[in-house]
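Participant: This is the structure, below, for whatever I ask next.
The values are calculated or read from the model by the stated rules, or taken from the named source; none is laboratory data. Worth saying up front: this structure is predicted, and the values here are computed from it rather than measured. Cβ placement follows ideal geometry from the backbone for every residue including glycine, while neighbour counts extend to all protein chains displayed. Ligands, DNA and RNA are excluded from the accessible area calculation, which covers all protein heavy atoms including side chains. Shrake-Rupley method; radii C 1.70, N 1.55, O 1.52, S 1.80 Å.
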Amino acid sequence: MTTKTITQILTLFSVVLPLANSVDFNYPTVFNFGDSNSDTGELGAGLGYELPCSAMASKPCILRFLFTIVSFLLPLTNSIDFNFPAVFNFGDSNSDTGALIASGIESINPPYGEIYFKNPSGRYCDGRIIIDFLMDAMDLPFLNAYLDSIGIPSFRKGCNFAAAGSTILPATATSVSPFSIGIQVSQFLRFKSRVLELLAKGKKLDKYLPAEDYFQKGLYMFDIGQNDLAGAFYSKTFDQIVASIPTILLEFENGLKKLYDQGARNFWVHNTGPLGCITQNVARFGSDPLKLDEQGCVSGHNQAAKLFNLQLHALCKKLQGDLADSNITYVDIYTIKSNLITNYSRYGFEQPIMACCGNGGAPFNYDTRIMCGQTKVINGTSVTAKACNDSTEYVNWDGIHYTEAANQYVSSQILTGKYSDPPFVDKMPFLLNIKF
């Protein structure tokens with residue numbers, strides 16, 4: 001699908017969705033008449049003509065999918081608006097907007113960021129990640145990373161403490177990132193203390209810093225735990241990993257409670273996705289067909305993720321009851337991503353597991369020796385890990401992380417509200433101003 005096509009589709013969103021907030025759309029039913037601009041299957045049903053979901057012909061299928069999203073979102077735009085003044089995020093590479101890169105621990109090169117930012121933005125993606133779409137939905141600017149001090153970043157509407165490679169458990173000597181959730185919470189405490197100190201000195205920095213009451217009224221988001229489980233499979237048995245889950249979640253609970261003690265009341269918790277469907281894990285642990293499920297994912301990894309999520313969900317319910325005046329929303333990312341992997345062609349994708357940017361070609365296009373965008377000499381030959389021609393056809397970007405197209409799909413499903421506990425299908429908690 002071309003950039004022009006995407007632009008046309010997104011322009012439709014920018015026109016249609018704002019209108020839903022200004023006009024009463026509570027009609028009991030809709031009768032539509034038209035041509036292919038609004039055909040949701042009439043030609044196919046009447047003449048038996050099937051629109052192909054491949055290459056450039058995938059446009060009709062993606063269009064149909066996007067119009068399906070519109071059908072979900074338009075009725076919801078008249079509902080409740082959370083209207084959070086700021087967002088404070090904690091996590092790993094799924095929501096890192098530049099922390100690990102700013103720390104100097106790692107660097108990324110083009111083609112990272114090529115779709116939206118046109119250059120590497122500190123995100124492990126070809127464009128935007130899930131939190132970017134959610135910030136857009138709340139009509140808030142993208143979050144700057146706490147560690148990124150270049151360019152006079154504004155933290156007026158929140159701050160991102162997430163860093164790629166981070167874990168819930170404290171980091172070890174072999175960890176990719178030292179910024180475990182305990183460190184991230186400590187960074188927040190330092191951030192809040194410094195903000196209040198600067199605000200007390202005058203209004204000069206007001207436009208760069210959150211107001212004092214934003215810390216109590218803001219939304220605290222979490223997307224972390226994936227690395228605790230995935231990393232453990234390299235050295236532990238399945239039973240050992242499962243046995244460690246309560247310890248992992250105790251650390252998570254302690255971090256959340258520290259934020260609560262600082263006045264945080266609104267929490268948004270993502271569970272972990274299907275780890276067994278990540279290219280890196282399939283390539284490393286999926287050589288035995290008996291260990292794979294029907295989708296070609298590693299069963300053990302996915303089972304561990306499910307058990308982790310069950311306990312995380314129970315913890316969120318417990319904390320909701322224990323912490324007075326708290327609002328804790330648990331979001332089932334696992335089910336959303338599993339549905340995408342299982343029904344990828346329905347949503348216009350062609351490759352559910354193979355990486356877009358990598359080396360080695362099919363079936364995985366993933367090589368542990370060379371990262372996306374790098375050039376190295378391998379077996380005496382100079383090799384560059386390049387991106388595919390069209391990342392919108394791929395779910396996986398670099399063997400570990402999702403493409404912008406996949407992140408957009410996941411975000412759209414989050415925003416339906418039906419994958420959350422408590423659900424908000426009939427009381428949408430975002431003022432939708434989506435800039436997809």
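Participant: Could you check the range 170-224 and list, in sequence order, the residues that are of a type in the set (A, V, I, L, M) and open to solvent by less than 50 Å² (accessible area, probe 1.4 Å)? Break it down stepwise before answering.
Facilitator: Taking the range 170-224 first, the residues of a type in the set (A, V, I, L, M) are 171, 173, 176, 181, 183, 185, 189, 195-196, 198-200, 205, 209, 211, 219, 221, 224.
Correct list: 171, 181, 185, 195, 198, 199, 209, 211, 219, 221, 224.
Conditions tested, residue by residue: (1) at pLDDT 95 or above; (2) in contact with a strand residue (DSSP E or B) (Cβ under 6 Å, 6 or more places away or on another chain).
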residue	(1), (2)
394	yes, yes
397	yes, no
406	yes, yes
413	yes, no
416	no, no
424	no, no
427	no, no
430	no, no
435	no, no
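Participant: Now a separate question. Being within 25 Å of residue 170 (Cβ to Cβ), open to solvent by less than 20 Å² (accessible area, probe 1.4 Å), of a type in the set (S, T, N, Q) and not in a loop (DSSP other than H, G, I, E, B): is that true of residue 227 here? Let's see the steps before the verdict.
Facilitator: Values: within 25 Å of residue 170 (Cβ to Cβ): yes; open to solvent by less than 20 Å² (accessible area, probe 1.4 Å): no; of a type in the set (S, T, N, Q): yes; not in a loop (DSSP other than H, G, I, E, B): yes.
Criteria not met by residue 227.
Participant: Among the listed residues 410, 377, 383, 395, identify the single one that is of a type in the set (Val, Ile, Thr), out of contact with any Lys or Arg (no Cβ under 7 Å at 6 or more places or on another chain) and open to solvent by less than 50 Å² (accessible area, probe 1.4 Å).
Facilitator: Numbers: 410 fails: out of contact with any Lys or Arg (no Cβ under 7 Å at 6 or more places or on another chain); 377 fails: open to solvent by less than 50 Å² (accessible area, probe 1.4 Å); 383 fails: out of contact with any Lys or Arg (no Cβ under 7 Å at 6 or more places or on another chain).
None of the other options fit; the residue is 395.
Participant: Here is a list: 149, 154. Which entry is modelled with pLDDT under 95, over 11 Å from residue 96 (Cα atoms) and in a loop (DSSP other than H, G, I, E, B)? Steps first, answer last, please.
Facilitator: Details: 154 fails: modelled with pLDDT under 95.
After ruling out the rest, the residue left standing is 149.
Participant: Here's a follow-up. Among what's in the range 100-127 and is charged (D, E, K, R) and open to solvent by 10 Å² or more (accessible area, probe 1.4 Å), pick the residue that is nearest to the chain's Cα centre (by Cα). Spell out how you get there, then give the answer.
Facilitator: First pass over the range 100-127, keeping only residues charged (D, E, K, R): 106, 114, 118, 123, 126.
When the remaining residues are screened for being open to solvent by 10 Å² or more (accessible area, probe 1.4 Å), the result is 106, 114, 118, 123.
On the way: 106: 20, 114: 18, 118: 19, 123: 11 Å.
Among those residues, the one meeting the criterion is 123.
Participant: Among the residues of the range 359-370, which ones are in contact with a Gly (Cβ under 9 Å, 6 or more places away or on another chain) and open to solvent by 50 Å² or more (accessible area, probe 1.4 Å)? Talk me through it step by step, then tell me what you get.
Facilitator: At the first step, the residues of the range 359-370 found to be in contact with a Gly (Cβ under 9 Å, 6 or more places away or on another chain) are 363-368, 370.
Residues satisfying the conditions are 363, 364, 366, 368.
Participant: Now a separate question. Give just the number: which of (1) open to solvent by 20 Å² or more (accessible area, probe 1.4 Å); (2) in a loop (DSSP other than H, G, I, E, B) does residue 318 not satisfy?
Facilitator: (2)
Participant: While we're here: Suppose we keep only residues that are out of contact with any strand residue (DSSP E or B) (no Cβ under 7 Å at 6 or more places or on another chain) and aromatic (Phe, Trp, Tyr) within the range 137-176. Which one would you say is nearest to residue 199 (Cα to Cα)?
Facilitator: The qualifying residue nearest to residue 199 (Cα to Cα) is 155.
Participant: For the range 322-339, give me the residue count where each residue is small (Gly, Ala, Ser) and either in a helix (DSSP H, G or I) or open to solvent by 20 Å² or more (accessible area, probe 1.4 Å) (or both). Don't jump to the end; show me each part of the working.
Facilitator: We begin by selecting, within the range 322-339, every residue small (Gly, Ala, Ser); these are 324, 326, 338.
Filter once more, keeping what is either in a helix (DSSP H, G or I) or open to solvent by 20 Å² or more (accessible area, probe 1.4 Å) (or both): 324, 338.
Number of matching residues: 2.
Participant: Same structure, new question: Starting from the range 131-142, keep only residues that are open to solvent by 20 Å² or more (accessible area, probe 1.4 Å), then list their pairs with residues that are modelled with pLDDT of 95 or more and charged (D, E, K, R) whose Cβ atoms are within a distance under 7 Å, requiring at least 6 positions of separation or different chains.
Facilitator: Within 7 Å, the pairs are 141/157; 142/132.
Participant: Pick from the range 246-270 the residues that are touching a strand residue (DSSP E or B) at 6+ places or on another chain (Cβ under 7 Å) and not hydrophobic (A, V, I, L, M, F, W, C): which of them is surrounded by the most Cβ atoms within 10 Å (Cβ to Cβ)?
Facilitator: So the first thing to find is which residues in the range 246-270 are touching a strand residue (DSSP E or B) at 6+ places or on another chain (Cβ under 7 Å), and the list is 256, 259, 264-270.
Filter again for not hydrophobic (A, V, I, L, M, F, W, C), leaving 265-266, 270.
Numbers: 265: 18, 266: 20, 270: 28.
The extreme case among them is 270.
Participant: Could you look through the range 146-165, keep only residues that are of a type in the set (A, V, I, L, M, F, W, C) and crowded, with 24+ Cβ neighbours inside 10 Å, and pick out the one that is farthest from residue 225 (Cα to Cα)? I'd like the intermediate steps shown before the answer.
Facilitator: Just the residues of the range 146-165 that are of a type in the set (A, V, I, L, M, F, W, C), to begin with: 147, 150, 152, 155, 159, 161-164.
Next cut, crowded, with 24+ Cβ neighbours inside 10 Å only: 159, 161-164.
On the way: 159: 20, 161: 15, 162: 12, 163: 12, 164: 12 Å.
Ranking the qualifying residues of the range 146-165, first place goes to 159.
Participant: When you scan the range 381-399, do you find a residue that is more than 26 Å from the chain's Cα centre (by Cα) and either in a loop (DSSP other than H, G, I, E, B) or within 13 Å of residue 108 (Cβ to Cβ) (or both), even just one?
Facilitator: no
Participant: From the list 293, 288, which one is acidic (Asp, Glu), on the phi < 0 side of the Ramachandran plot, in contact with a Gly (Cβ under 9 Å, 6 or more places away or on another chain) and open to solvent by 10 Å² or more (accessible area, probe 1.4 Å)? It would help to see each step written out before you state the result.
Facilitator: On the way: 288 fails: in contact with a Gly (Cβ under 9 Å, 6 or more places away or on another chain).
Step by step, each of 293, 288 is checked, and only 293 is acidic (Asp, Glu), on the phi < 0 side of the Ramachandran plot, in contact with a Gly (Cβ under 9 Å, 6 or more places away or on another chain) and open to solvent by 10 Å² or more (accessible area, probe 1.4 Å).
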